[in-house]
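Down below is the structure, laid out as structure tokens.
Read-outs: derived from the displayed coordinates by stated rules, not from any lab. Values in this document were obtained by computation on a predicted structure and should not be read as measured data.
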Amino acid sequence: MIIQVADSGVFIPSFNCNNKLPPSDQIRVHYKRVGLKEKARYLVKPDPQFNYDADGKVVGGNITMRFDRKPVIDGMVTKIENCDWEDGDGEHAITNARELLAAPVEFDELVDEVAEHLRKQLERKIDEKN
């Protein structure tokens with residue numbers, strides 16, 4: 001069996017109505033395909049913690065889930081197009097993961113959206129209806 005996989009992808013975020021702009025003006029986030037080793041580093045598994053009574057029966061507990069967006073963005077984003085901001089010092093371009101993660105707080109929603117898209121790519125299952 002041969003499974004077709006893409007080497008890379010392009011994501012058009014909806015951040016700030018970006019997806020409604022003409023294609024030539026849209027922010028485009030390019031990302032690479034990663035292997036299982038990288039996936040394990042980017043996606044944190046749940047950390048269950050249970051409480052037991054004196055008889056050893058479970059009486060409660062919690063599960064800690066956390067997703068750190070920085071490693072997945074650092075590891076997968078290869079290029080960003082058409083993403084700029086301006087302040088008193090002039091215009092600044094965001095062209096890569098490092099610049100995106102160092103951007104002003106106004107870009108927090110964009111970082112969340114990109115990280116969520118990449119997380120979904122990592123968790124995606126192949127279609128078994130071949």
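Numbers for the structure displayed
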{"item": "Global geometry of the chain, whether rounded, prolate or oblate, following the gyration tensor of its Cα atoms and the 1.5 cut on a/c", "result": "oblate"}
{"item": "Nonlocal Lys pairs with alpha-carbon distance under 29 Å, segment 8-123 (8 or more apart, or different chains)", "result": "22"}
{"item": "Fluctuation leader among Glu106, Glu116, Glu91 - the chain, Gaussian network, Cα springs under 10 angstrom", "result": "Glu91"}
{"item": "Computed [θ] at 222 nm, deg cm²/dmol, the chain (DSSP H ≥ 4; -39,500 (n - 2.57); rounded to nearest 500)", "result": "-8000 deg cm²/dmol"}
{"item": "Potential extension, Ala40-Val59 segment - 0.36 nm per residue separation minus Cα distance", "result": "3.7 nm"}
{"item": "Integer Hz, Karplus 6.51/-1.76/1.60 couplings in order for segment 102-107, x for Gly and Pro", "result": "9, 5, x, 4, 4, 9"}
